[in-house]
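**Q** Could you have a look at this structure, given as structure tokens, before my questions?
The values are calculated or read from the model by the stated rules, or taken from the named source; none is laboratory data. These figures come from a predicted structure and were not determined experimentally. Heavy atoms of the whole protein, side chains included, go into the accessibility calculation; ligands, DNA and RNA do not. Shrake-Rupley method; radii C 1.70, N 1.55, O 1.52, S 1.80 Å.
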Amino acid sequence: MPAERPPAARRGLASPAAATAGAVLTGAVFTLVGLLGFIPGITTRYGGMEFAGPHSSALLFGLFGVSVLHNPVHLAFGAAGLSVARAPRFAKPYLVVGGVLYVLLWVYGLGIHRSTAWNVLGLNGPDNWLHLGLGFGMLTPGSLLGTPRRPPDSDEAYGR
């Protein structure tokens, strides 16, 4: 007798494995970006990198502002994403909470004057818009992946 297939709600995009894969992919990208931020050439104006604040002139790919503090934030966020492979129940929250944090970072970046001490991470305009994209890029799959829904039993549907 062939093995019974799992219900549709447990396959495909609704499976917890899909959310885990999304979180691991996100974590891998953030880890790579965190590392690249410390490589001269990939990061232009490398000599102008400061620990934190608005005066760090280093630019990842010549576009995105980075600092000694900014890069480890990417590394930590990446490590968190990679670690959900060991605790899959955290994959969906990683994507959703991370997405919310990046949208909030976008709002923060819009609200601060970039040349003041409030700009702790050394954000610039391209960073800001990238954060918006990352936020929705994490919220969307975080909202769609890994939520298996089963139809109610007929007794539950009719209150029995």
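**Q** Students sometimes get this wrong: rank Leu60, Leu82 by accessible area, probe 1.4 Å, all chains present, largest first.
**A** The residues order as Leu82, Leu60, largest area first.
**Q** At 1.4 Å probe size, what's the solvent-accessible area of Phe38? Round to the nearest 10 Å².
**A** Accessible surface of Phe38 is approximately 70 Å².
**Q** What do you get when you divide the Cα radius of gyration of segment 46-118 by 2.2 N^0.38 Å, with N the number of residues?
**A** Segment 46-118 yields a ratio of 1.30.
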